[in-house]
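Chemist: Let me give you the structure first, and then I'll get to my questions.
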Amino acid sequence: MKGAGAIQDMPRVERPREKLMRYGPEKLAEEELLAILLRTGSRGKGVLDLAGELLRRFGRADLAKAGFAELRAAPGLGPARACEILAAFELGRRYLNGKKAGIYLKPRDIWEELRDVREQKKEHFVVFFLDTRNQEIKRDIVSIGTLNYNLVHPREVFEPAVKNLAASVIVAHNHPSGCLEPSDEDLSLTKRLAQAGKLLGIELLDHVIVTREGFMSFKQKGLL
């Protein structure tokens with residue numbers, strides 16, 4: 001069943017895909033670009049209406065950062081569509097990773113940025129490589145561990161930091177258990193990373209543990 005505003009009912013020259021081919025992607029509204037990814041509507045709802053609802057539900061910034069579980073739970077999206085949206089945004093991030101991104105000054109900034117990681121069922125260790133203004137040069141997942149353990153060596157953090165001319169780094173990892181207390185391994189690793197950073201002149205600004213519900217900053221806790 002076609003919903004109101006179904007693409008099939010629109011003049012061909014006004015359909016998102018045809019408009020993109022004719023005028024280029026920069027001429028399309030965000031709803032139209034998202035509609036091209038979605039391809040079809042859902043439950044009697046046109047694809048442009050569905051795209052508009054998704055943008056209103058998440059907002060521009062949150063849609064780009066949403067994890068699989070959040071997208072999957074949105075009305076009109078199944079696992080396949082959720083994966084397509086995630087893949088599109090991730091591809092864009094990777095191609096634009098040479099462009100200066102956000103400025104990270106607070107642990108909450110890291111927690112907000114790691115929506116995808118804090119949903120994971122295994123520990124993911126992430127490094128933010130920053131310039132002298134705390135702007136992101138690059139973000140990398142350097143290690144994926146088990147449910148409650150992740151083995152990381154300082155060289156995995158600082159070799160790419162040197163290559164990317166980073167002035168400082170912030171590291172973070174998720175705790176799938178939901179517990180925000182650092183383990184003995186977390187404390188030991190943070191100490192070794194801080195020492196290695198001092199030797200190289202690349203400051204470890206913070207180590208942030210993230211969960212779905214919150215975060216813990218080693219710097220704020222006086223552990224760094």
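The values are calculated or read from the model by the stated rules, or taken from the named source; none is laboratory data. Here the structure is a predicted model, which is why all the values come from computation and not from measurement. Here the Cβ positions follow ideal geometry from the backbone for every residue, glycine too, while neighbour counts run over all protein chains shown.
Chemist: Of everything in segment 64-83, what is farther than 18 Å from Gln120 by Cα and either buried (at least 16 other Cβ atoms within 10 Å of the Cβ) or aromatic (Phe, Trp, Tyr) (or both)? Give them in sequence order.
Modeler: Correct list: Ala74, Gly76, Leu77, Arg81.
Chemist: Within segment 38-60, how many residues turn out to be within 26 Å of Trp111 (Cα to Cα) and touching a helix residue (DSSP H, G or I) at 6+ places or on another chain (Cβ under 9 Å)? First the steps, then the outcome.
Modeler: First, pick out the residues of segment 38-60 that are within 26 Å of Trp111 (Cα to Cα): 53-60.
So of that shortlist, the ones also touching a helix residue (DSSP H, G or I) at 6+ places or on another chain (Cβ under 9 Å) come out as 54-55, 57-58, 60.
Total satisfying the criteria: 5.
Chemist: Sticking with this one: Would you pick out the residues in segment 177-215 that are in contact (Cβ under 8 Å) with a residue 60 or more places away in the chain and of a type outside the set (D, E, K, R)?
Modeler: If we filter segment 177-215 for residues that are in contact (Cβ under 8 Å) with a residue 60 or more places away in the chain, which is where we start, we get 205-206, 208, 210-212, 214-215.
Result: Leu205, Val208, Val210, Thr211, Gly214, Phe215.
Chemist: Answer yes or no as to whether Ala82 is closer than 26 Å to Glu112 by Cβ, out of contact with any Leu (no Cβ under 7 Å at 6 or more places or on another chain), free of Cβ contacts under 8 Å to residues at least 24 places away in the same chain and of a type in the set (A, V, I, L, M).
Modeler: Working: closer than 26 Å to Glu112 by Cβ: yes; out of contact with any Leu (no Cβ under 7 Å at 6 or more places or on another chain): no; free of Cβ contacts under 8 Å to residues at least 24 places away in the same chain: yes; of a type in the set (A, V, I, L, M): yes.
No, not satisfied.
Chemist: When you scan segment 117-148, how many residues do you find that are of a type in the set (Asp, Glu) and in contact with a Leu (Cβ under 7 Å, 6 or more places away or on another chain)?
Modeler: At the first step, the residues of segment 117-148 found to be of a type in the set (Asp, Glu) are 119, 123, 131, 136, 140.
Checking which are in contact with a Leu (Cβ under 7 Å, 6 or more places away or on another chain) leaves us with 136.
Qualifying residue count for the region: 1.
Chemist: Name, by its number, the condition in (1) at pLDDT below 85; (2) assigned to a helix (DSSP H, G or I); (3) in contact with an Asp or Glu (Cβ under 9 Å, 6 or more places away or on another chain) that does not hold for Ala69.
Modeler: (1)
Chemist: While we're on this one: Taking the criterion of being out of contact with any Gly (no Cβ under 9 Å at 6 or more places or on another chain), within 20 Å of Ala82 (Cβ to Cβ) and modelled with pLDDT under 85, would at least one residue in segment 15-31 satisfy it?
Modeler: no
Chemist: Taking Ala161 and the conditions (1) of a type in the set (Gly, Ala, Ser); (2) closer than 19 Å to Glu112 by Cβ; (3) touching a Leu at 6+ places or on another chain (Cβ under 9 Å), which numbered condition does it fall short on, given that it satisfies the others?
Modeler: Result: Ala161 passes all but (2).
Chemist: Still on this structure: Specify which of the listed residues (Asp131, Asp206, Asp184, Asp140) is among the acidic types (Asp, Glu) and at pLDDT 95 or above. Even if it seems obvious, please write down each step before you answer.
Modeler: Details: Asp131 fails: at pLDDT 95 or above; Asp184 fails: at pLDDT 95 or above; Asp140 fails: at pLDDT 95 or above.
After ruling out the rest, the residue left standing is Asp206.
Chemist: Show me the helices (runs of 4 or more DSSP H) entirely contained within segment 108-224 in which 2 or more residues are under 20 Å from Ala66 (Cβ atoms). Give the steps one after another, and end with the answer.
Modeler: Details: elements: 115-118, 154-163, 184-200.
Helices (runs of 4 or more DSSP H) meeting the threshold: 115-118.
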